[in-house]
1. Per 0.36 nm of contour for each residue apart, how much would the distance between residue 81 and residue 121 grow if the chain were fully extended, relative to their Cα-Cα spacing?
2. Return an integer: the convex hull volume of the alpha-carbon atoms of the range 7-57, in Å³ per residue.
3. Where does the range 152-233 land on Rg(C-alpha)/(2.2 N^0.38 Å)?
4. With springs only between Cα atoms under 10 Å apart, run a GNM on the chain and tell me which of 25, 157, 81 wobbles the most.
5. Give me the orientation-averaged projected area of the Cα convex hull of the range 82-213, in nm², one decimal.
6. Starting from the Cα of residue 149, step 7 Å toward the Cβ, then list every residue of the range 178-222 with an amide N under 14 Å from that point.
7. At a Förster radius of 22 Å, what calculated FRET efficiency corresponds to the Cβ-Cβ distance of residue 114 and residue 165, to the nearest 0.05?
8. Taking 8 Å as the Cα distance limit and 6 or more residues as the minimum spacing, I'd like the relative contact order of the range 165-230 as a percentage.
Amino acid sequence: MTATLVVALERVTKRYGAGASAVEALSEVMLDVPAGEFLSIVGPSGSGKSTLLNLVGGLDTPSAGRVFVEGQALAELSDEARSDLRLQKMGFVFQAFNLFPTFTAEENVLCPLEFLGIPTSVARQRAAEMLDRVGVAIGARTRRPPELSGGEQQRVALARALVTRPRLVLADEPTGNLDSRTGRAILDLLRSLNVEQSVTVILVTHNMLAATYGDRTVELRDGRVVREARAARLKSDGSAG
């Protein structure tokens with residue numbers, strides 16, 4: 001595996017169940033994700049998008065093949081080592097937000113920093129800076145998730161994902177529960193962080209407009225990669241490239 005790859009999948013297959021009733025969610029998927037890329041993964045419901053993201057995040061294990069993150073084969077790591085890798089190197093953004101309902105917005109963002117053992121004063125400063133970065137108003141930071149709008153909750157979830165300064169962000173339908181305007185704002189934030197800080201982003205979406213934020217789009221159908229396309233970006237002189 002090349003050192004510049006953040007993620008690599010080698011003939012990854014994932015089956016659920018056994019025997020004749022087994023369902024193959026992914027079938028021999030090959031995929032490389034270079035450092036600093038914004039990759040969009042698209043496909044209809046049931047195509048294997050979320051399964052792929054869960055395998056990359058070490059939340060599930062393949063039935064066959066290997067998944068590498070930061071050069072490490074996930075299957076060769078202990079559960080504790082995989083948890084450490086997720087905490088230190090990855091940020092997760094989910095459609096359902098997955099915030100702790102009894103924590104304030106600020107406490108939700110502070111949580112991963114506490115697990116990393118970062119001193120409280122430093123953690124509070126970093127959390128405040130990230131909440132500023134994603135546009136969460138100061139008055140909203142002492143509220144709990146049920147008291148926040150969907151857009152505010154997703155911004156808090158994004159701040160929590162990014163406050164550890166991960167090299168890799170995994171976003172599973174992050175705009176699915178948002179109106180179009182708020183959804184675009186979240187995608188703009190992901191794209192700007194990708195460009196400005198070289199954060200690698202893997203975005204899973206069924207929304208083709210959201211997919212255009214990526215440098216590259218990979219389409220899944222029935223658990224297989226069926227299409228791959230690169231986005232045409234404008235160079236500084238205004239020409240396509």
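1. 11.7 nm
2. Convex hull of Cα atoms, per residue: 80 Å³.
3. Compared with the compact-globule rule of thumb, the range 152-233 sits at 1.10.
4. The residue that fluctuates most here is 81.
5. Mean shadow area of the hull around the Cα atoms is 7.6 nm².
6. 178-186
7. About 0.90, to the nearest 0.05.
8. Averaging sequence separation for qualifying contacts and normalising by length gives 30 percent for the range 165-230.
No value in this document is a laboratory result; all are computed from the given coordinates. Fair warning: this is a prediction, and the values are worked out from it, not measured in the lab. Because the Cβ atoms are built from the backbone with ideal geometry, glycine has one as well, and the counts that use them run over all protein chains shown.
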